[in-house]
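The values are calculated or read from the model by the stated rules, or taken from the named source; none is laboratory data. Remember, predicted model here, so these are calculated numbers, not experimental data. Neighbour counts run over all protein chains shown; Cβ positions are idealised from the backbone, glycine included.
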Amino acid sequence: MTSCQCTRNGWVYTRVSGNLWEDNMKEIKAEIMINSAPEKVWSVLTDFENYPRWNLFITDISGRKTIGSSLKVSINPPGGKGMTFKPVLLKFEENKEFRWKGKLFIKGIFDGEHYFILSSEDGSKTKLIQGEKFSGILVGLLGKTLDKTKDGRLIDRIKGLRRQFASSHGIIIPSIHIRDNLKLQAEEYVFSIKGSEVGRYTIHVDKLLAMAPEGVDTNLIKGVKTKEPAFNLDAVWINPNDKNRAEALGFTIVDTATVISTHLTELIRKNAHKLIGRQEVGKLLDVFGKTNPKLVEEVVLNLLSLGEIVTVIKNLLYEEVPVKDLQSILETLADNVHKTKNIDILTEFVRQSLAGYITNQFSVDKTLYTLLLDPKLEAMIKESMQSNKGGDLTLNLSPQKTEAMVQDLTEAMAYFENFNSNPIILVTPEIRKALKNYLDRFIQGYTILSYSEISSNIEIKSIATLD
């Protein structure tokens with residue numbers, strides 16, 4: 001049951017282990033560290049309705065959350081056939097443990113006990129252990145299938161990533177082609193989009209990647225020093241025999257398939273806007289138009305061209321805003337296109353209509369940690385706004401003002417590490433897009449939100465004010 005789980009701050013690698021007790025008993029379990037308190041993790045695990053949005057193995061779950069009640073669970077093992085069964089809820093201890101047990105055919109033939117165990121780490125983090133204990137006389141016969149599910153395969157994971165991205169972001173990414181390239185070094189791979197390279201890394205197929213926790217020296221274990229490719233973490237390629245020692249030192253251990261699939265996931269997330277065009281958006285509108293024909297007809301045929309709608313979709317994906325709520329997107333365009341034809345400004349209107357999605361994506365436990373701008377600085381930025389030849393909003397600032405602002409922002413962004421939050425700059429709606437377009441030339445790894453994009457139930461906490 002190997003998987004990569006998504007958190008607000010990126011992908012968290014899963015440490016997977018399997019244990020064969022005897023011929024008719026087997027256990028598979030995974031352990032991850034999540035940068036959220038147990039209460040928030042628990043709310044996700046017990047939100048049955050939204051399981052299909054993030055869980056590739058358990059694709060559907062429903063039923064009463066009381067001990068002794070029957071649940072209805074649908075699973076989709078990698079490389080295997082999906083199935084639905086009705087386990088009994090054994091334990092439901094809030095913020096600590098969630099466990100059920102089901103059977104195949106008759107009790108004792110092939111039984112499975114699934115569990116989630118949560119424990120708090122430093123108050124702000126959660127260690128989540130997920131596992132399955134199999135028992136019964138068929139376990140010996142089905143052992144190979146269980147091992148295949150545990151270990152996973154790169155192809156299956158890539159298929160899962162495409163399904164997951166469609167669910168989370170609302171677009172179907174094009175097929176991913178894998179081919180040999182004799183120009184590459186041994187054990188090297190390259191990811192390309194439309195012929196342009198976006199990522200490259202060298203793996204060691206006979207080793208495991210050990211990622212060092214913060215503050216731990218990679219020299220504590222023997223191996224080949226490296227940087228993990230998705231998030232540039234300090235890491236070491238180690239021999240499998242050294243796995244237990246590395247885990248005891250706090251390292252997170254993953255196999256090569258997990259390294260590649262996680263790297264690919266992060267690249268897709270960052271480059272989603274490059275993966276769609278008129279054909280892909282046209283297909284989305286065709287499907288949506290079957291249930292909302294009048295809305296599609298009004299926007300596409302009478303108000304905006306397909307190319308203009310594609311640009312709005314690309315703008316949203318560029319800043320990692322999901323586009324699965326096409327109804328809100330198209331209705332907002334229809335309501336505001338008479339005010340302006342500027343695509344950047346229309347995108348801002350759409351973002352405001354998607355405030356719920358945006359807030360949930362960037363808040364931490366219903367709190368948004370932000371960097372604010374002094375009103376005088378905002379006024380200066382507003383006065384310097386202009387549109388370039390392509391119609392994109394930007395700023396006309398002197399090199400001296402630009403250098404000073406970029407330096408102050410870079411220093412302030414470092415404070416966010418203390419709050420388990422990505423750097424977020426909160427500004428007025430009028431300057432958000434222009435400031436984003438301008439700063440992207442100098443700074444990466446930050447988010448700019450406007451006050452109009454924040455849900456009313458979110459608490460805003462200012463870490464610093466830039467003047």
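Which of the strands (runs of 3 or more DSSP E) contained wholly in region 154-258 include at least 1 residues that are touching a Leu at 6+ places or on another chain (Cβ under 8 Å) and closer than 30 Å to Asp122 by Cα?
208-211, 224-227, 234-238, 252-254
Residues are listed down the side, and each one gets a yes or a no for (1) touching a strand residue (DSSP E or B) at 6+ places or on another chain (Cβ under 8 Å); (2) in the same structural domain as Ile34 (by TED's automatic domain parsing); (3) modelled with pLDDT under 90:
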| site | (1), (2), (3) |
| --- | --- |
| Lys225 | yes, no, no |
| Thr262 | yes, no, yes |
| Val281 | no, no, no |
| Lys294 | no, no, no |
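Can you confirm whether Lys144 is under 30 Å from Phe419 (Cβ atoms) and either at pLDDT below 75 or outside any helix (DSSP H, G or I) (or both)?
No; evaluated as a whole, the condition is false for this residue.
Checking Ser168 against (1) out of contact with any Cys (no Cβ under 9 Å at 6 or more places or on another chain); (2) surrounded by fewer than 19 Cβ atoms within 10 Å (Cβ to Cβ); (3) at pLDDT 75 or above, which test does it fail?
Condition not satisfied by Ser168: (1).
Tell me whether region 346-363 contains one or more residues that are among the charged types (D, E, K, R) and either under 25 Å from Lys461 (Cβ atoms) or touching a residue at least 60 places away in the same chain (Cβ under 8 Å) (or both).
Within region 346-363 (the criterion being among the charged types (D, E, K, R) and either under 25 Å from Lys461 (Cβ atoms) or touching a residue at least 60 places away in the same chain (Cβ under 8 Å) (or both)), the answer is yes, since at least one residue qualifies.
Determine the pairs where a residue that is over 19 Å from Phe362 (Cα atoms), located within region 395-417, has a partner that is of a type in the set (A, V, I, L, M) with Cβ atoms under 6 Å apart, the partner being 6 or more residues away or on another chain.
Between residues of region 395-417 that are over 19 Å from Phe362 (Cα atoms) and residues that are of a type in the set (A, V, I, L, M), the close pairs are Leu395/Ala434; Asp408/Leu466.
Taking region 228-243 on its own, how many of its residues are under 12 Å from Leu208 (Cα atoms) and in contact with a helix residue (DSSP H, G or I) (Cβ under 9 Å, 6 or more places away or on another chain)?
Qualifying residue count for the region: 4.
When you scan region 1-91 for strands (runs of 3 or more DSSP E) that lie fully inside it, which ones turn up with 1 or more residues that are outside the structural domain of Lys324 (by TED's automatic domain parsing), in contact with a Lys or Arg (Cβ under 8 Å, 6 or more places away or on another chain) and modelled with pLDDT of 75 or more?
25-34, 58-63, 71-75, 83-85
Just name the residue that is surrounded by the most Cβ atoms within 10 Å (Cβ to Cβ) out of those in region 429-447 that are farther than 18 Å from Ser387 by Cβ and touching a residue at least 40 places away in the same chain (Cβ under 8 Å).
Among residues in region 429-447 that are farther than 18 Å from Ser387 by Cβ and touching a residue at least 40 places away in the same chain (Cβ under 8 Å), the one surrounded by the most Cβ atoms within 10 Å (Cβ to Cβ) is Thr447.
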